[in-house]
1. Of these, Phe214, Phe202, Phe182, which one is at pLDDT 85 or above, assigned to a helix (DSSP H, G or I), under 23 Å from the mean Cα position of the chain (by Cα) and among the aromatic types (Phe, Trp, Tyr)?
2. Specify the residue that is nearest to Val203 (Cα to Cα); the eligible residues are those in region 82-112 that are of a type in the set (S, T, N, Q) and under 33 Å from the mean Cα position of the chain (by Cα).
3. Take Leu62 and decide whether it is part of a helix (DSSP H, G or I) and at pLDDT 90 or above.
4. Name the residue that is nearest to Ser211 (Cα to Cα), counting only residues in region 78-114 that are part of a loop (DSSP other than H, G, I, E, B) and either open to solvent by 40 Å² or more (accessible area, probe 1.4 Å) or in contact with a Cys (Cβ under 7 Å, 6 or more places away or on another chain) (or both).
5. Condition test on Tyr132, is it in a helix (DSSP H, G or I) and of a type in the set (Ser, Thr, Tyr)?
Amino acid sequence: FDTHTHGDVMSRYTNDTDTLRQAISQSLPQMFSSLMSVTAAFVSMLYLSVGLTAFVLVFAFLLLKVIRALVGRSGTFFIKQQQSLGDVNGYIEEMINGQKVVKVFCHEEKSIQEFERKNDELCYSATEANKYGNVTMPVVGNMGYLLYVLLAVIGGAAGIAGLPNLSLTGINVLTIGTIVSFLTLSRSFINPIGQVSQQVNFVIMALAGASRIFELMDEPSETDNGYVT
């Protein structure tokens with residue numbers, strides 16, 4: 001309590017705790033559901049065509065590289081956002097509680113300037129975090145459409161050429177019905193990956209809040225050393 005403002009301490013109880021609650025109640029179940037969908041779609045694609053599934057996996061690897069770059073950037077700013085939010089709350093609480101002292105020393109202008117500086121830091125962190133966070137899903141969606149087109153072209157060419165198709169049921173000819181079914185499954189495979197990547201941002205923000213919560217909980221209790229003369 002000597003080294004942290006009251007508002008920052010309260011922000012850990014309110015903002016950080018609420019962020020953690022949202023991640024546990026919404027983000028984690030959504031991620032689990034999406035991972036189950038990805039697994040089911042992957043097994044179904046293998047059943048239809050091993051070769052096309054291998055192509056999807058290579059594409060998904062490149063997609064994950066792009067997602068990792070975006071999530072890494074947004075995660076950094078989400079952590080800064082939680083810290084800046086506590087800082088702003090702490091400053092506001094201090095200025096409101098000490099408004100008599102502020103008026104006595106004519107510190108109003110300085111207080112406003114300092115608040116604007118802290119608020120701008122929060123605004124910048126939140127803007128950058130949401131910019132990278134919100135661009136993730138459109139990027140995944142567009143790359144999913146690109147995969148759809150590539151699969152249609154490659155599968156169509158293989159079907160016209162009569163190339164053999166290896167699947168879990170054996171080797172057979174790649175038919176139009178197989179290609180259409182595979183295209184639908186490829187969407188079911190890519191879309192949940194985008195949903196997981198978007199939820200990762202909220203999990204990172206929740207972890208940032210959790211670290212601040214546990215930092216408070218792990219503070220050693222003060223001991224009574226008796227009276228000091």
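The values are calculated or read from the model by the stated rules, or taken from the named source; none is laboratory data. Quantities reported herein were computed from a predicted structural model and do not represent experimental measurements. Virtual Cβ from ideal backbone geometry, glycine too; neighbours counted across all protein chains shown. Keep in mind that these areas ignore ligands, DNA and RNA; they rest on the heavy atoms of the full protein, side chains included. Shrake-Rupley method; radii C 1.70, N 1.55, O 1.52, S 1.80 Å.
1. Answer to the selection: Phe214.
2. Just the residues of region 82-112 that are of a type in the set (S, T, N, Q), to begin with: 82-84, 89, 97, 99, 111.
Right, trim to under 33 Å from the mean Cα position of the chain (by Cα) and you get 82-84, 89.
Values: Gln82: 13, Gln83: 16, Ser84: 18, Asn89: 22 Å.
So, considering only residues that are of a type in the set (S, T, N, Q) and under 33 Å from the mean Cα position of the chain (by Cα), the one nearest to Val203 (Cα to Cα) is Gln82.
3. Numbers: part of a helix (DSSP H, G or I): yes; at pLDDT 90 or above: yes.
When the stated conditions are applied, Leu62 passes them.
4. Start the filter on region 78-114 by keeping residues that are part of a loop (DSSP other than H, G, I, E, B), which leaves 98, 105-107.
Narrowing further to those that are either open to solvent by 40 Å² or more (accessible area, probe 1.4 Å) or in contact with a Cys (Cβ under 7 Å, 6 or more places away or on another chain) (or both): 105-107.
Values: Phe105: 37, Cys106: 38, His107: 34 Å.
Among them, the one singled out is His107.
5. Numbers: in a helix (DSSP H, G or I): yes; of a type in the set (Ser, Thr, Tyr): yes.
Criteria met by Tyr132.
The rows are residues; the columns are (1) free of Cβ contacts under 8 Å to residues at least 60 places away in the same chain; (2) touching a Leu at 6+ places or on another chain (Cβ under 8 Å).
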{"site": "His4", "(1), (2)": "no, no"}
{"site": "Gly7", "(1), (2)": "no, no"}
{"site": "Thr17", "(1), (2)": "no, no"}
{"site": "Ser27", "(1), (2)": "no, no"}
{"site": "Ala41", "(1), (2)": "no, yes"}
{"site": "Val56", "(1), (2)": "no, yes"}
{"site": "Thr76", "(1), (2)": "yes, no"}
{"site": "Met95", "(1), (2)": "yes, no"}
